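As structure tokens, the structure follows; a few thoughts come after it.
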Amino acid sequence: MSTTTTGTALITGATAGLGAAYAEELAARGHDIILVARDEARLEKAAAGLAERSGRKVSTLSADLATAEGIASVEERLAGDASIGTLVNNAGMALLGPLSKADPDRLEGLITLNLTSFTRIAAAAAKAFTGRGAGTIVNISSALALNILPVGAAYSGTKAYVLAFTQGLAQEFADSAVRVQVVLPGALETALWNGSGIELDQLPKEMVMSPQDAARAGLAGLEAGELVTIPSLPEYGQWEAYDQARQAMRPNLSLSRPAARYSR
Ligand SMILES: NC(=O)C1=CN([C@@H]2O[C@H](COP(=O)(O)OP(=O)(O)OC[C@H]3O[C@@H](n4cnc5c(N)ncnc54)[C@H](OP(=O)(O)O)[C@@H]3O)[C@@H](O)[C@H]2O)C=CC1
Ligand SMILES: N[C@@H](C=O)C(=O)O
């Protein structure tokens, strides 16, 4: 059974790290590929190599997703290219360290790429796939959406947004042929850590997964029908218990009277 709908897969942040691993895996599964990143030379080199290895049609879209123009170019491609049936909404950055010491402009850049760009591209895919009657949206969150650290408040916030956003999107598309998935990788061996505030070599090697393994796990979770895929988590029941506890609170999260503990 195909892991995703047939057609072309558009992957953001696709010339290195997790995005490049997804491109390799999806091409190997028979998808044509659109690689999105900023550096045109690296895009062309990545596309030529992937096309050679996979025999698939691989095209490129140079776009800085931290800019309105870059985001718009991906929105337009999703709207205009009916061959696109899969989006891997992957591009993101990390900024780790105390908020009190954070550079406000870098914080804004984190929000723009991890939230604004992510959301607009997901919305463009949602609209396009609804119009086409099918599609698959894979949103990349992080284990740090759940593992909240004192040095990752803003980053974890952006990734917790991606998790909740996708859980909401799944409800919107519950009775449709548009499938959504959110993937929460743990630490990956990629360049994202460079200048993030924590260097990769500060982490125990047993904590760090290859982006290739993470992409393969993500697609296996998609094929298994998981809405939430956590590549490292040995027992999926732990996630299920956590989310069931979350859902058990729902009837009592909005009542006309404050809880007794808050009433004088
Ligand atoms: N690395 C990790 O430990 C983990 C990462 N994640 C998440 O996985 C996703 C991918 O991370 P990872 O692979 O590590 O990241 P990388 O930094 O390794 O990804 C780099 C890729 O993204 C592209 N890119 C970077 N900035 C932009 C931009 N502004 N516009 C367009 N493309 C851009 C780069 O190309 P170019 O420079 O040419 O633009 C390149 O293709 C992110 O959302 C991240 O939060 C989740 C958990 C763990
Ligand atoms: N991107 C990594 C940390 O910065 C992660 O999500 O674990």
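Descriptive notes on the structure:
- Residue within the stretch 125-141 that is farther than 16 Å from residue 12 by Cα, within 16 Å of ligand 1 (Cβ to nearest atom), touching a Lys or Arg at 6+ places or on another chain (Cβ under 7 Å) and in contact (Cβ under 8 Å) with a residue 40 or more places away in the chain present: no
- Within the stretch 224-238, the only residue that satisfies the criterion of being part of a strand (DSSP E or B) and either touching a residue at least 60 places away in the same chain (Cβ under 8 Å) or open to solvent by 70 Å² or more (accessible area, probe 1.4 Å) (or both) is 228.
- The test for being over 23 Å from residue 103 (Cβ atoms), assigned to a helix (DSSP H, G or I) and near ligand 1 (Cβ under 10 Å from one of its atoms) does not hold for residue 241.
- For the stretch 116-152, a residue qualifies if it is more than 11 Å from ligand 2 (Cβ to nearest atom) and surrounded by fewer than 18 Cβ atoms within 10 Å (Cβ to Cβ), and the qualifying residues are 116, 119, 120, 123, 127, 130, 131, 132, 133, 134, 148, 150.
- Candidates are the residues of the stretch 174-209 that are without any contact (Cβ under 8 Å) to a residue 24 or more places away in the chain and either more than 15 Å from ligand 2 (Cβ to nearest atom) or under 28 Å from residue 85 (Cα atoms) (or both); the one that is surrounded by the fewest Cβ atoms within 10 Å (Cβ to Cβ) is 175.
- Scanning the stretch 199-213 for residues that are within 10 Å of ligand 1 (Cβ to nearest atom) and in a loop (DSSP other than H, G, I, E, B), we see that the one that is nearest to residue 107 (Cα to Cα) is 203.
Quick grid of which residues meet (1) within 30 Å of residue 148 (Cα to Cα); (2) open to solvent by 40 Å² or more (accessible area, probe 1.4 Å); (3) modelled with pLDDT of 95 or more; (4) of a type in the set (D, E, K, R):
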site	(1), (2), (3), (4)
20	yes, no, yes, no
40	no, yes, yes, yes
50	no, no, yes, no
53	no, yes, yes, yes
65	yes, no, yes, no
69	no, yes, yes, yes
72	no, no, yes, no
78	no, no, yes, no
95	yes, no, yes, no
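- The lone criterion from (1) away from ligand 1 (no atom under 16 Å from the Cβ); (2) touching a Ser or Thr at 6+ places or on another chain (Cβ under 7 Å) left unmet by residue 145 is number (1).
- Tally of residues being farther than 15 Å from residue 17 by Cα and either surrounded by fewer than 17 Cβ atoms within 10 Å (Cβ to Cβ) or touching a Leu at 6+ places or on another chain (Cβ under 7 Å) (or both) across the stretch 210-223: 2
- For the stretch 162-186, the tally of residues that are within 20 Å of residue 118 (Cβ to Cβ) and either near ligand 1 (Cβ under 9 Å from one of its atoms) or of a type in the set (S, T, N, Q) (or both) stands at 9.
- Count of the stretch 224-258 residues which are under 26 Å from residue 211 (Cα atoms) and among the basic types (Lys, Arg): 0
The values are calculated or read from the model by the stated rules, or taken from the named source; none is laboratory data. Only a predicted model underlies this, so the values are computations on that prediction, with no experimental measurement involved. Note that we place each Cβ from the backbone using ideal geometry, even for glycine, and neighbour counts take in every protein chain shown. SASA here: full protein model, heavy atoms, side chains in, ligands and nucleic acids out. Shrake-Rupley method; radii C 1.70, N 1.55, O 1.52, S 1.80 Å.
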